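Heads up, the thing below is written out as structure tokens.
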Amino acid sequence: MKLKYTYLPFILIFIICMIVISLVNNFLMSSQEISVEINNSDNEQKDWFIQKEENNERPTFPTYVDQYIDKYKIFVVGGKDNEIYLTFNCGYEHNNYTMDILDILKEEDVKAAFFVTGGYLRSNTEIIKRMVEEGHIVANHGNTHADLSKLEIQEIKKEIVDFENSYSEVTGLSFDKKYFRPASGIYTEQVLEIAYDLGYTSVFWSLSYMDWEIDNQPGRDAAYSTIMKYYHDGSIFMLHTVSKSNVEALKDVIVELKSNGYIFKTLDEFPNND
Ligand SMILES: [Zn+2]
């Protein structure tokens, strides 16, 4: 009897060791999943900025954007052919306008990309499923729409990766369309690098207007004429689905652009997208 008990401490130590090894292993595995090596990219806050041109000329961008296109393959404006990329941002649902937009896209046989937040994903599962079923791209607009310029590296990664996990829970599919758009167009070079290292293309835009204030809508005519004034070859439109004016103008915009010889393409067809 006495002999048996002398082994007890060794058995306990063995068990504790096994538990510690397995915990450390799990920790290493989980941190490896979202580990990216950050080089010397800086974290100065940048706001997406476009110098608009009238008469359907392509807009200009700050010169540093060229480096980001080279280094992080970001999308800014498409090719110089008659091509348009339609993208929407969805942070929350308002009057089910997204369903109206999906109806118009279906009628016109146009595919778009919807940059949605994690919160939007989780509270609008039927809309998300419809987007996927109808061949649209559901893309990553961050889990909580946080200002990424204020976050630490690990928090930025979490903002991106948590979205992917929610997407899989909601749709039962793995998240494979790795397009990312920073909340409010606020970013840093570090954000671009992290997204790139996580396998993402950061997608900005070359046409937008103030369409996101639900109580300050410009109306159908203003929405239509603004888009018609500024669209250009290779436009990436960035529109909000909460906008009544967008819902009212979208069909006419699509019909008019098609009759002008424009083709609506998807982000997967973006020039040099490999
Ligand atoms: Zn947004």
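Any read-out appearing in this document is the output of simple, stated calculations on the displayed coordinates, not a laboratory observation. None of these values were measured; they are calculated from a predicted model. Here the Cβ positions follow ideal geometry from the backbone for every residue, glycine too, while neighbour counts run over all protein chains shown.
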Of the candidates Ile254, Ile160, Ile194, which one comes out as most mobile in a Gaussian network treatment of the chain with C-alpha springs shorter than 10 Å? Ile254
Tell me which residues come under 5 Å, amide H to amide H, from Cys90 once H is placed; ignore anything under 5 positions away on its chain. Phe115, Val116, Thr117
Choice from Thr241, Thr201, Thr226 showing the highest fluctuation, given a GNM over the chain with Cα pairs closer than 10 Å: Thr226
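Counting only DSSP beta bridges with both residues in the chain, tell me the antiparallel percent, nearest 5.
Details: 3 of 25 bridges.
The antiparallel proportion sits near 10 percent.
Sort Tyr209, Tyr187, Tyr262, Tyr92 so the one with the fewest other Cβ atoms within 10 Å of its own Cβ comes first.
Ranking Tyr209, Tyr187, Tyr262, Tyr92 by Cβ neighbours within 10 Å, fewest first, gives Tyr92, Tyr262, Tyr209, Tyr187.
What order do you get for Ser184, Ser202 when you list them from fewest to most C-beta neighbours inside 10 Å? Display every interim value, and only then the final one.
Working: Ser184 18, Ser202 22.
So the ranking, lowest neighbour count to highest, is Ser184, Ser202.
Sort Asp100, Asp81 so the one with the fewest other Cβ atoms within 10 Å of its own Cβ comes first.
Details: Asp100 17, Asp81 12.
Listed from fewest to most nearby Cβ atoms, that is Asp81, Asp100.
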Where is the GNM fluctuation largest for the chain (alpha-carbon springs, 10 angstrom cutoff): Asn216, Asn56, Asn89? Asn216
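Taking 24 Å as the cut-off for C-alpha to C-alpha distance, list the pairs among Lys52/Lys265; Lys73/Lys111; Lys129/Lys178; Lys150/Lys265 that go past it.
Cα-Cα > 24 Å for Lys150/Lys265; rest within.
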Pseudo-spin-label distance Lys229 to Glu54, built 7 Å along Cα→Cβ, given in nm, is 0.7
